[in-house]
1. With contacts defined as alpha carbon pairs under 8 Å and 6 or more residues apart, what's the relative contact order of the chain in percent?
2. Which whole-Hz couplings ³J(HN,Hα) result when phi for each residue of the range 121-138 is put into the Karplus expression 6.51 cos²θ - 1.76 cosθ + 1.60, θ = phi - 60°, listed in order with x for Gly and Pro?
3. Using alpha-carbon positions, what is the distance between the centroids of the range 7-42 and the range 264-315, in Å?
4. Given axes a ≥ b ≥ c from the Cα gyration tensor, I'd like to know whether the range 180-232 is rounded (a/c under 1.5), prolate (a/b larger than b/c) or oblate.
5. Which ³J(HN,Hα) values in Hz, rounded to whole numbers, follow from the phi angles of the range 47-57 under the Karplus curve 6.51 cos²θ - 1.76 cosθ + 1.60, where θ = phi - 60° and Gly and Pro get x?
6. Kindly provide the helix-only [θ] at 222 nm of the chain, computed as the sum of -39,500 (n - 2.57) over DSSP H runs of four or more divided by all residues, to the nearest 500 deg cm²/dmol?
7. What is the sum of charges, Lys and Arg at +1 and Asp and Glu at -1, for the other residues whose Cβ falls under 14 Å from the Cβ of L309?
8. Return the long-range amide H neighbours of I123 (sequence gap of 5 or more, or a different chain), with a cut-off of under 5 Å between placed amide H atoms.
Amino acid sequence: MTLLNKKIGVIGGGIGGLASAIAFAKFGSQVTLYEKALVISEVGAGIQISANGINVLTKLGIYPDYLKSVGFPKNIIFKDYKTDKAITEIQHNQDLNLPYMQLHRADLIEALVARAKSLGVNIVLGSKAKVINSGGSGSKIKVNNSEVFDFDLTVAADGMNSTVRQYWFGQRPSVFMKQIAWRALIPSNGMSIEPTVYMGINKHLVMYPLRNGKIINIIGVQSNKNLAPESWTNDGSPEKFYNEFSDFNTSVTNILSDITEVKLWGLYSHPTLKSWSHKNVVLLGDAAHPMLPFMAQGSCMALEDAAVLARVLNK
């Protein structure tokens, strides 16, 4: 099968959806991407891309040409939460000759959109899309409960709460892991920090700089038995965040005291699907395999999904 001139529909304008649109377009497919939001953007957050993700971004022609304001830390320092003393450090990819990247998610989304448009991907915003038929020689996508479009293949990259997955693969309950995560961005105001993990008791904090050191990205994870929504956009309380980590050393609490907005969400484990495809519909990224936010692999796996799927289908 060759992807040349194949009509590919992509549902979802996040990292996985945009990357898959690019991957298929590079093989000559006619790609249309549907995003329900009126503007493709990303909530404020940092993101880390390890060697496997960098390799995909390079092969898709996104890195380095389309990515700006990125950081390449040589290591991450692990410190004691009380004493602020270094415990150990991890050095990045010394043998792979590939950098470890830290950047703002919005900057990655902007780069993916620009690259997709350069390859002729048709991005349709304000479009709530669903797959209404899959089989035979293709699939059908209905947009905004109105028009229906035919595609040879539909890639569903509509995220952790994928409606395509629920309709075609069934709804399976997730399990709360009794952990919650906090996320915030603050201006650095000239303060220089290194990528650091502060190890506490049943909790930890991660901090690293973004946009040439102008912003500090802060993530806190802690054990907590109280249910919290599984949504990155859920607002939390800066005061509550501070109080939960107030036993950390003053170099940390001084930074936490500057937070004015914070997001809070619960961490959930999702059951593994027996299959990620159904005839002419295939799931990708969080729609296929939602991941807990550790080891910086959620976005990297979505990038790998996109590159491998297109390459395999083009054989």
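1. 25 percent
2. Going residue by residue, I get 5, 8, 9, 10, 8, x, 10, 7, 10, 9, 8, 9, 7, 8, x, x, 9, x Hz, with x marking Gly and Pro.
3. 15 Å
4. Since a/c reaches 1.5 but b/c is at least a/b, the shape of the range 180-232 is classed as oblate.
5. Result, rounded to whole Hz: 8, 10, 10, 8, 4, 5, x, 4, 4, 5, 4.
6. The helix contribution divided over the chain gives -7000 deg cm²/dmol.
7. +2
8. It is L33, by chain and number.
Just so you know, all these numbers are worked out from the coordinates, no wet-lab data involved. On a predicted model such as this, the values are computed, not experimentally measured, just so you know. Glycine also receives a Cβ, built like all others from the backbone with ideal geometry; neighbour counts cover every protein chain displayed.
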